[in-house]
1. Restricting to the stretch 138-158, and then to whatever is among the aliphatic types (A, V, I, L, M) and open to solvent by 60 Å² or more (accessible area, probe 1.4 Å), can you tell me which residue is nearest to the chain's Cα centre (by Cα)?
2. Among the numbered conditions (1) touching a helix residue (DSSP H, G or I) at 6+ places or on another chain (Cβ under 9 Å); (2) surrounded by fewer than 14 Cβ atoms within 10 Å (Cβ to Cβ); (3) under 23 Å from GLY107 (Cα atoms), tell me where LEU25 comes up short.
3. For the stretch 115-132: of the residues being in a strand (DSSP E or B) and at pLDDT 95 or above, which is surrounded by the most Cβ atoms within 10 Å (Cβ to Cβ)?
4. In the stretch 30-49, what count of residues is obtained for those that are closer than 19 Å to TYR98 by Cβ and modelled with pLDDT of 95 or more?
5. Looking at the stretch 71-94, which of its residues are in a strand (DSSP E or B), open to solvent by less than 30 Å² (accessible area, probe 1.4 Å) and farther than 22 Å from ALA127 by Cα?
6. Could you look through the stretch 175-186, keep only residues that are touching a Gly at 6+ places or on another chain (Cβ under 6 Å) and in a loop (DSSP other than H, G, I, E, B), and pick out the one that is most open to solvent (accessible area, probe 1.4 Å)?
7. Looking only at the stretch 153-190, count every residue that is free of Cβ contacts under 8 Å to residues at least 40 places away in the same chain and within 13 Å of LEU140 (Cα to Cα) and tell me the total.
8. I'd like to verify a number: residues in the stretch 95-114 that are part of a strand (DSSP E or B) and either open to solvent by 50 Å² or more (accessible area, probe 1.4 Å) or of a type outside the set (A, V, I, L, M, F, W, C) (or both), how many?
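The values are calculated or read from the model by the stated rules, or taken from the named source; none is laboratory data. The structure displayed is predicted, hence computed values, not measured ones. Here the Cβ positions follow ideal geometry from the backbone for every residue, glycine too, while neighbour counts run over all protein chains shown. Just the protein is used for accessible areas: all its heavy atoms, side chains included, with ligands, DNA and RNA removed. Shrake-Rupley method; radii C 1.70, N 1.55, O 1.52, S 1.80 Å.
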Amino acid sequence: MKINFSRGNWTTDELTYAYPWRFNLTPQFTQLDDCVINTVDPDAPGGFEWISLMSKQAYTKGSKITVNCEFEHFGAPLIVIAENFDTDDRGVLRCGNYFEIVLWEKGVNVWRIYRKNGENSWKKVMAVTFPVKEGEKHTLSAEVTDIGIQMEVGELKFFLRVDDMYESFHLGLTACEGINRFYGMTIEQL
């Protein structure tokens, strides 16, 4: 799957909006000429829309997702690897158990989110510190291997061992904690 998020060049045929359980709001991206963007929302946690677009198709180990993105100060574009979707009482798709690979001004953080018995918990499982410039385009990728997640930001590569990686999962992206722009996304089953 290769998505170009410029105006008129993509649809939700292969993608679906799916949201974390933590927030009740369910916004959709705003379309600009060359990208999609989240916006300011004083009713949202932190004052910005939190939006996720996920693959409808499930993937398996040996898959790679790459996103081309940009953020403004405090923005945090991220990749999501979600084991499953749940549906809330309004019929809204929610990510159950998942990983977040978060690009921000001070590097990359990886969070693991757990959903059990209707409760959420999360744990930071990795942090790599390096400067990331706001207002510039970045390429972030994650490949799910037999033993973990291989990540890249530009020329930098790092690895997280995951002994209990999901057998199948959905891949996607999220805009959170500030203004984020997404220009493209590619998902490959290698």
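1. Residues of the stretch 138-158 that are among the aliphatic types (A, V, I, L, M), as a first pass: 140, 142, 144, 147, 149, 151, 153, 156.
After this cut, where a residue has to be open to solvent by 60 Å² or more (accessible area, probe 1.4 Å) as well, the list is 147, 156.
Details: ILE147: 21, LEU156: 19 Å.
By that ranking, first place goes to LEU156.
2. (3)
3. Step one: list which residues in the stretch 115-132 are in a strand (DSSP E or B), which gives 115-116, 119-129.
If we keep only those that are at pLDDT 95 or above too, we end up with 123-129.
Working: LYS123: 9, LYS124: 11, VAL125: 15, MET126: 18, ALA127: 12, VAL128: 14, THR129: 9.
Within the stretch 115-132, the match that is surrounded by the most Cβ atoms within 10 Å (Cβ to Cβ) is MET126.
4. Within the stretch 30-49, residues that are closer than 19 Å to TYR98 by Cβ and modelled with pLDDT of 95 or more number 1.
5. Here is the first cut: in the stretch 71-94, the ones in a strand (DSSP E or B) are 71, 78-82, 85-87, 93-94.
Keeping just the survivors that are open to solvent by less than 30 Å² (accessible area, probe 1.4 Å) gives 71, 78-82, 94.
Hit for the stretch 71-94 is ARG94, nothing else.
6. Kept after step one, since they are touching a Gly at 6+ places or on another chain (Cβ under 6 Å), are these residues of the stretch 175-186: 177-180.
Of the ones still in play, those that are also in a loop (DSSP other than H, G, I, E, B) are 177-179.
Values: GLU177: 111, GLY178: 0, ILE179: 20 Å².
Restricting to residues being touching a Gly at 6+ places or on another chain (Cβ under 6 Å) and in a loop (DSSP other than H, G, I, E, B), the top hit is GLU177.
7. 4
8. Pass one, the stretch 95-114, residues part of a strand (DSSP E or B): 95, 98-104, 107-114.
Okay, now just the ones that are also either open to solvent by 50 Å² or more (accessible area, probe 1.4 Å) or of a type outside the set (A, V, I, L, M, F, W, C) (or both), so 98, 100, 104, 107, 109, 111-112, 114.
So the answer is 8.
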